[in-house]
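Asks: For reference, the structure I am asking about is given below.
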Amino acid sequence: MATKTKPNGKSEKNQPQSTRLWLMFPPKLITRPIVWELGQKFPLVTNVRQASVTDEIGLVSLELSGSRGDIKAAIKWMEKLGIKVEPVEINVIES
């Protein structure tokens, strides 16, 4: 798949952007520092916008800022761990 190039010569994949996501953590991951790990593993800025954590579930509204490719990779990583990831707004992330 070809990467689109903007008039400034930069590809869309590497353009900085921000995305807000809802993360739903299963009980086994509630105590794991996922947001910290995310910031260590990917060159992204993380911003917790809202959170609610109980013994049974963790819900976090997280804003990620960085390149589109890094954001997509981070989402895949979280989903692989068992975290349900949903965009806060429709069409925030397009494949």
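Bear in mind that the values in this text are calculations on the coordinates, not laboratory data. Because the structure is a prediction, the values reported are computed rather than measured.
Asks: If you bin the C-alpha pair distances of segment 30-87 every 10 Å from 0, what whole percents do you get?
Replies: In whole percents, the pair-distance histogram is 21, 62, 17, 1.
Asks: Now for a different question. Run the numbers for THR54 and VAL85: contour at 0.36 nm per residue of separation, minus the present Cα-Cα distance, in nm.
Replies: 9.4 nm
Asks: Tell me, what ³J(HN,Hα) does each residue in segment 28-43 have, in order and in whole Hz, if you take phi through Karplus 6.51 cos²θ - 1.76 cosθ + 1.60 with θ = phi - 60° and put x for Gly and Pro?
Replies: Along segment 28-43, the couplings run 5, 10, 4, 8, 7, x, 4, 5, 5, 4, 4, x, 7, 7, 10, x Hz.
Asks: Test of understanding: what is the full-extension gain from GLN17 to TRP77, defined as 0.36 nm times their sequence separation minus their Cα-Cα distance?
Replies: Net length gain for the segment: 19.7 nm.
Asks: Still on this structure, I have one more. Using modelled backbone amide H atoms (1.01 Å from N, in-plane), which distant-in-sequence or interchain residues come within less than 5 Å of VAL88's amide H?
Replies: ARG20, LEU21, TRP22
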